[in-house]
Amino acid sequence: MPVTSSPEEPWPVRKVSHNIGQWIGRLGWLWIDGQIAQIGRRPGMSTVFLTLRDSSADISLTVTAPREVVDPALTDGARVVVHAKPEWYATRGTLSLRADEIRQVGEGELKARIERLRKLLEAEGLFDPRRKRRPPFLPQRIGLITGRGSAAERDVLTNAQRRWPAIDFRVVSVAVQGVNAVTDIVGALQALDRDDSVDVIILARGGGSFEDLLPFSDEALCRAVFACRTPVISAIGHEPDTPLVDYVADVRASTPTDAAKRVVPDLSEEQRGLNVTRGRLDRAVRNRIDREQHRLDALRSRPSLARPTALLDRLAGEVTTAVERARRTVDHRLTRADAELGHTLARLRALSPSATLARGYAIVQTPDGHVVRAAQEASAGDPLRVRLADGTLDVTVSG
């Protein structure tokens, strides 16, 4: 059956409505799971009108059923399975369900469904501890999703501000049970996750029955928590309560009060810790200073530092003594050398030809300087030079 046509040949509304009705008619009877948002029982009428809402989305349908089919104990918010046939009212363009059987879902069946969903989500890795993030030590701003004016909101705000008075909260109030709970919580979660000023998100709800906590085991909510970029702390119910969102969240708190203790440090404890650390640091510094002072005192007590000139004085005395010894040695050697020189000079003078000449002797030499020692060495007429003690004579041999 075609569902489109060209602009030149548009379908009339009745034809569209008629085709939709034919398609819906082929669906037959269906089993439909949902939550009763409203029950309308009118006195004197054999038909009961119900509004059946999807627990994970903002979608609802009108259901009509014979009065005898609807259990008088059914109330708003009950989870049911309806055996119904979809009906399309072409004249009004509306869809409704005509039911011939309505079964309230028991707690055992709900727990079995939750267990099957838990195994599915675990297999997909939504519970993997390796992907869980550690919330910041001291967040600048905390997002809180909880019921309006609830005890859970008071517990979180009061305990967190008692521990750290300057902490800032952005509180989003939502329905925490009933047909609108999942839609409201998912919307608030996404809004806080988009807020860059929010460092961590707390999802808080006080205690309640198993049915009251069903929204926190919804698949859509679990996947929304898994998709968050911001760390999420789950604080649902009391310690024994473990909805599926506890497994997906980055941190599971046993109660809203426990969440407040986990999300911010205790200012008084941190102050005490700082004081202890400061005292330990002061003692360590003082001990180090004392050790270094003792080392300095020990160094200063050494003779080389106590009397720095003592070594110089001793060395100066040794130098003076060495200089005096050297001077005496040099003087002694000079005196002895002078005496030796005097004796040598006397001997030289005694052996000097000049001394011999002074006693009246003369030296006869030929013109070329040869000393004439014998008369035979000269002939008559030879020129000779006679060297006296005082001057020389040029003579000629006469015979």
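Residues considered: Gly206, Gly178, Gly21. Largest GNM mean-square fluctuation over the chain, using C-alpha springs under 10 Å, is found at Gly21.
Per-residue surface analysis assigns Arg333 an accessible area of about 150 Å², computed on protein heavy atoms at 1.4 Å probe radius. In the chain, helices alone account for a calculated mean residue ellipticity at 222 nm of -14000 deg cm²/dmol, with every DSSP H run of four or more residues adding -39,500 (n - 2.57).
Springs between Cα atoms under 10 Å define the GNM used for the chain, and in it the highest mean-square fluctuation of Gln271, Gln365, Gln104 occurs at Gln365.
In this calculation the C-beta distance from Ser352 to Ala375 is compared with R0 = 22 Å, giving a FRET efficiency of 0.25. Val285 to Arg336: extension gain in nm, 0.36 nm per residue of separation minus the Cα-Cα distance? Additional length available on full extension: 11.1 nm. Along its three principal directions, the equivalent ellipsoid of segment 166-246 from the Cα gyration tensor extends over semi-axes of 21, 14, 12 Å, largest first. Between segment 329-360 and segment 54-81, the C-alpha centres lie 152 angstrom from each other.
Write down the Kirkwood hydrodynamic radius of segment 117-222, to one decimal in angstroms, obtained as one divided by the mean of 1/r over all alpha carbon pairs. Before the final figure, lay out the partial values.
Working: mean 1/r = 0.0665 Å⁻¹.
For segment 117-222, inverting the mean 1/r across all distinct Cα pairs yields 15.0 Å.
Using a probe radius of 1.4 angstrom, the carbon and sulfur fraction of the accessible surface of the chain is 54%.
Taking Leu126, Leu117, Leu312 in turn, the Gaussian network model of the chain (Cα-Cα springs below 10 Å) assigns the largest fluctuation to Leu312.
The distance between label points at Asp58 and Asp394 comes to 15.5 nm (points 7 Å beyond Cα on the Cα→Cβ vector).
When peptides 78-85, 245-252 are ranked by their average number of other Cβ atoms within 10 Å per residue, the highest-first order is 245-252, 78-85. Against the compact-protein benchmark of 2.2 N^0.38 Å, the Cα-based radius of gyration of segment 247-337 scales to 3.01. In summary, the helical segments of the chain meeting the span-like criteria, namely a full DSSP H run, a Cα extent along the axis of 30 angstrom or more and a mean Kyte-Doolittle hydropathy of at least -1.0, are 308-351.
Per residue, the accessible area of the chain comes to 63 Å², computed with a 1.4 Å probe over protein heavy atoms only. A straight line joining the Cα centroids of segment 257-314 and segment 84-163 runs 56 Å.
Among the lysines in the chain, how many pairs, 8 or more places apart or on different chains, have alpha carbons under 30 Å apart? The partial results should precede the final answer.
Details: Lys15/Lys85; Lys85/Lys111; Lys111/Lys119; Lys111/Lys132; Lys119/Lys132; Lys132/Lys261.
Counting lysine pairs in the chain gives 6.
Between the amide H of Val105 and those of Arg79, Val80, Val81, distances stay under 5 Å, these residues lying 5 or more places away or on another chain, with hydrogens modeled in the peptide plane.
Taking N as the residue count of the chain, its C-alpha radius of gyration divided by 2.2 N^0.38 Å amounts to 2.91.
The values are calculated or read from the model by the stated rules, or taken from the named source; none is laboratory data. Bear in mind the structure is a predicted one, so any value in this text is a computation, not a measurement. Neighbour counts run over all protein chains shown; Cβ positions are idealised from the backbone, glycine included. These accessible areas exclude ligands, DNA and RNA; they are computed on the full protein's heavy atoms, side chains included. Shrake-Rupley method; radii C 1.70, N 1.55, O 1.52, S 1.80 Å.
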